[in-house]
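Okay, structure first, notes after.
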Amino acid sequence: HTHGGLGPGPGPWAHEPAELHSLSSAALDEAAERLSRELPHRYCFLVAKDGAVVHESYSANSSETLYSMDSAMKLGTAALIGIAHADGTLDLDAPLAEYGLEPTADWGPYWPLVTTRHLLSMVSGLGQKPPGTAFAYDSGSHLQELIWLLEHVTREASVHWATRRLAIPLGVPNMFAGQTESAHVHAGG
């Protein structure tokens, strides 16, 4: 069912009865009803197992409804950086400044020390502390440096590269559809 280990790949997902995967359709239906009642701002419930969809239900939208990924995009950003790292395109522990990038966020005196690993681990210091010394959650311009690095090393607009290298292989070609106007992936939501 998988495509290169990244999920079902392009095209529709396989749909199979939950019981073929040691799950109960009745229990999943009950869970979906409960979620719809207790979490009214959650509009869908999908369970995939072994590369197949075993339950899919919607309460206020459809499978065609597009939403912003918000902070879940941090996972997408990490996956994109992981792909570039696996390609040998970037080193997680090399300071971003070594790539010739100019900072877009205020890093104070710490820019020459900031690495991809610091940013992914949320220990970049945000320009207030030395990188690697304290946790600081970020969804803004400091984290966005990862996308500027990705564009620099791939020499391609991040939305196009991310669609080609992550979204299409995952079978979700519209993953970055809401970000095509700027052609830049929004790293943190």
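Numbers below:
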item	result
Accessible area per residue, Å², region 84-189 with all protein chains present, probe 1.4 Å	48
Candidates 16, 56, 30: whichever shows maximal mean-square fluctuation once the chain is modelled as a Gaussian network with Cα springs under 10 Å	30
Portion, in percent, of the accessible area of region 72-188 that falls on carbon or sulfur, probe 1.4 Å	56
Which of 111, 66, 20, positive extreme of dipole for region 1-159 (C-beta unit charges)	111
DSSP H segments from the chain that extend 18 Å or more along their own axis, Cα-based, with Kyte-Doolittle mean of -1.0 or above	25-38, 73-86
Per-residue [θ]222 nm for the chain (sum of -39500 (n - 2.57) over DSSP H runs n ≥ 4, rounded to 500)	-7500 deg cm²/dmol
Rounded to the nearest 10 Å², the accessible area of residue 62 at probe 1.4 Å	50
Farthest positive-ward along region 102-157 dipole, Cα basis, beta-carbon charges - from 128, 140, 150	128
Solvent-accessible ranking of 41, 118, 186, 15, largest area first, probe 1.4 Å	41, 15, 186, 118
Interatomic Cα distance distribution for region 57-189, bins of 5 angstrom, percent	2, 11, 21, 23, 18, 12, 7, 4, 2, 1, 0
Net +/- balance of residues flanking residue 55 in space, Cβ distance below 15 Å, scoring K and R +1, D and E -1	-4
Largest to smallest accessible area among 135, 45 [probe 1.4 Å]	135, 45
With DNA, RNA and ligands ignored, accessible area of residue 24 (1.4 Å probe; Å², nearest 10)	50
Å² per residue, accessible surface of region 20-77 at 1.4 Å	68
Cut-off under 5 Å, modelled amide H: who pairs with residue 55 long-range	47
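The values are calculated or read from the model by the stated rules, or taken from the named source; none is laboratory data. Predicted model, so just to flag it, every value in this text is computed and none were measured. Every residue, glycine among them, receives a Cβ derived from its backbone with ideal geometry; neighbour counts consider all protein chains shown. Please note that ligands, DNA and RNA were not included when accessible areas were found on the heavy atoms of the full protein model with its side chains. Shrake-Rupley method; radii C 1.70, N 1.55, O 1.52, S 1.80 Å.
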